[in-house]
Amino acid sequence: MFSYPGGAVLPIFNSMPKSKIRRILVRHEQGAGFAAAGFSRATKRVGVCLATSGPGATNLVTAIADAKMDSIPLVVVTGNVFKRLIGSDAFQEVDIVGICDPIVKHSYFVHQADDIPRIISEAFHLATTGRPGPVLIDIPKCVQIEEIDKKIAEKISNNQPFALELPGYKSVSESGQKASTTKPVEIIRNAKRPVVIYGHGVVLGNAEAELKKFLSITKIPSVWTLHGIGAGNATEKLSLGMLGMHGTATANFAVHNADVIIGIGIRFDDRITGVLDIFQRGKKIIHFDIDHSEFNKNVAIDFAVYGDVKETLPPITEALNTEKLDFSAWHSTLLERKERWPLDMETTEKFTEISVFNTLYKTLGKDDVVVVDVGQHQMWGAQRFFPKKCRKFLTSGGLGSMGFSLPTAMGAAFSGFPVWSISGDGGFQMNSQELMTIVQDQIPVKIIILNNGFLGMVRQWQDLFYNKNYVDTPLKNPDFVKLGEAYGIPSFRAKNQAEATELAQRMKNHKGPILAEFVVEKEESVFPMVPQGKSLGDTMLNKTEQIDNPIFE
């Protein structure tokens, strides 16, 4: 449990010495929320965080919103003032339930202590079933010090389950229906240019094997979303890369020119569609999802497959196994583009973030977990890291929250796998206080800071669209090596490729926390890129070139 104490949760903390729960004392409540989510993202288990009322609770809001956007199971516990003070603007009183209503799957305000065991049981059930998400439990201090009924106490001591009271809530297994295979098979059979887009739903549904079998049998080219990284085999010939604003040119070309889109565990958000009218034009769309509300939300679909993708994909795979599918002409077109548009189209002798990522990719072990922050380095990493397992590339996707990487990596480190935290110089400083948490609990995070002296992604937009009007994007930074050493962490710096190669290997071999600053080229830009308000067909290869105009109308 990742937590920070305060007056409104002192009764809970007072009881903790009797508990087997391991507590991690963070240095900021936002760090607690991100760390709990990092634990969840890396382990398939529920992350738990605890904070006091008022500012303690509101400091959790960004991490809660991040978990909601990315469908991360989280149980968030906050304290509140005595019930008799609610609504009186008491010291450190906020309506955290009201504040969080749009960003949680469900929330509880606990009125009596006897309800706490049932509510905690329900919270874990809600967080993990159906589409996962965060659940908030707000407990007034007066409820924390109530004595509970003896019968309830006996049930707790005997580890007996508590009956859930969730009228109207049904899991997919209770409410889902077996989907017909007839129409999706017909759509795919008649396709000439099909593409599979897979995403986080495959990861959350533990359906990697089912996806790989579907792709193997159908030979349909595939692309993936930012959160789909690792769910499929990215090194297969017909794996075309990440899709979207900074997706590969071939992935964007394929989706733009496809006549059938098979979306598996995705939400068709703006970063992968571009202009919706153009995205949908001339396409039939099959959509697999566990959340009914995603169907027809952003795009008009032709067939919805509702349910757990682990259960709904295999019947369609088996039905297609008997079909004679031939997409060879489409394959030839895409493979020619894949060869023509490699990621590193331009070479330079400068020491760049791209060269750092290429070095790190060669250094990583197959079970290493990479946690990237938000910005240019996030996109370079997503383009170039091809883990063979899911839950090995973690990032803030839906919310895009800077400051994500360091505390999330702390939580992910409890997976038992080596964890690398990669941040830009801007994002790192948003939660750098968690270096002390890492030291105090000896959490073996390998910390990388990519220092280009800019808020890089914003600078890139200023370069491309605002005539290089660099307003408030140049950064004056501390000496990151001295900062790491001040916290007691072995810290190093690399300023060229030879130093970077040696330092990456040193970090890999180091057993405890270690920090490295890579001082890189200042004005490097992420390409490919789809400018905001444009379609996938407008993907820029660099500042002056873009991909072919549509070849299929």
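The values are calculated or read from the model by the stated rules, or taken from the named source; none is laboratory data. Treat the numbers as computed from the prediction; the structure is a model and nothing was measured. Here the Cβ positions follow ideal geometry from the backbone for every residue, glycine too, while neighbour counts run over all protein chains shown.
The figures follow:
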{"read-out": "Test: residue in the range 138-157 that is within 23 Å of F39 (Cα to Cα), not hydroxyl-bearing (S, T, Y) and not in a loop (DSSP other than H, G, I, E, B)", "value": "yes"}
{"read-out": "Residue check, R41 closer than 16 Å to F2 by Cα, of a type in the set (K, R), buried (at least 24 other Cβ atoms within 10 Å of the Cβ) and in contact (Cβ under 8 Å) with a residue 12 or more places away in the chain", "value": "yes"}
{"read-out": "Boolean, S40 is of a type in the set (S, T, Y), part of a helix (DSSP H, G or I) and closer than 23 Å to L126 by Cβ", "value": "yes"}
{"read-out": "Condition check for G381: more than 18 Å from I449 (Cα to Cα) and in contact with a helix residue (DSSP H, G or I) (Cβ under 7 Å, 6 or more places away or on another chain)", "value": "no"}
{"read-out": "Meets criteria (crowded, with 17+ Cβ neighbours inside 10 Å and outside any loop (DSSP other than H, G, I, E, B)) for V94", "value": "no"}
{"read-out": "Filter result for D66 (farther than 27 Å from C390 by Cα and of a type in the set (D, E))", "value": "no"}
{"read-out": "The lone exception for E349 - which of (1) free of Cβ contacts under 8 Å to residues at least 60 places away in the same chain; (2) surrounded by 11 or more Cβ atoms within 10 Å (Cβ to Cβ) it fails", "value": "(2)"}
{"read-out": "Yes/no for E186 being acidic (D, E) and under 27 Å from G282 (Cα atoms)", "value": "yes"}
{"read-out": "Residue that is nearest to M16 (Cα to Cα), among those in the range 158-185 that are at pLDDT 90 or above and in a helix (DSSP H, G or I)", "value": "P184"}
{"read-out": "Test: residue in the range 223-231 that is over 18 Å from I72 (Cβ atoms) and in a helix (DSSP H, G or I)", "value": "no"}
{"read-out": "Helices (runs of 4 or more DSSP H) wholly inside the range 434-522 that include at least 3 residues being surrounded by 16 or more Cβ atoms within 10 Å (Cβ to Cβ), under 27 Å from the mean Cα position of the chain (by Cα) and in the same structural domain as S415 (by TED's automatic domain parsing)", "value": "435-440, 456-465, 497-509"}
{"read-out": "Residue within the range 399-413 that is farther than 20 Å from L60 by Cβ and touching a residue at least 24 places away in the same chain (Cβ under 8 Å) present", "value": "yes"}
{"read-out": "Single residue of I290, I285, I316, I272 found to be free of Cβ contacts under 8 Å to residues at least 40 places away in the same chain and crowded, with 21+ Cβ neighbours inside 10 Å", "value": "I285"}
{"read-out": "Boolean, L211 is modelled with pLDDT of 95 or more, touching a helix residue (DSSP H, G or I) at 6+ places or on another chain (Cβ under 9 Å) and under 30 Å from R84 (Cβ atoms)", "value": "no"}
{"read-out": "Some residue of the range 8-23 being touching a Leu at 6+ places or on another chain (Cβ under 6 Å) and of a type in the set (A, V, I, L, M)", "value": "no"}
{"read-out": "Residue check, M379 surrounded by 23 or more Cβ atoms within 10 Å (Cβ to Cβ) and either assigned to a helix (DSSP H, G or I) or outside the structural domain of G199 (by TED's automatic domain parsing) (or both)", "value": "yes"}
{"read-out": "Total residues in the range 402-433, condition part of a loop (DSSP other than H, G, I, E, B) and surrounded by fewer than 24 Cβ atoms within 10 Å (Cβ to Cβ)", "value": "6"}
{"read-out": "First in the range 104-121 and without any contact (Cβ under 8 Å) to a residue 24 or more places away in the chain, second anywhere and buried (at least 18 other Cβ atoms within 10 Å of the Cβ) and assigned to a strand (DSSP E or B), Cβ under 8 Å, 6 or more apart", "value": "I119/Y108; I119/I137"}
{"read-out": "Unmet criterion (only one of (1) in contact with a helix residue (DSSP H, G or I) (Cβ under 6 Å, 6 or more places away or on another chain); (2) aliphatic (A, V, I, L, M); (3) surrounded by fewer than 22 Cβ atoms within 10 Å (Cβ to Cβ); (4) closer than 12 Å to S3 by Cα) for I21", "value": "(1)"}
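Rundown of residues vs (1) in a helix (DSSP H, G or I); (2) farther than 15 Å from I139 by Cα, yes/no style:
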residue	(1), (2)
P11	yes, no
I21	no, yes
R27	no, yes
I64	yes, yes
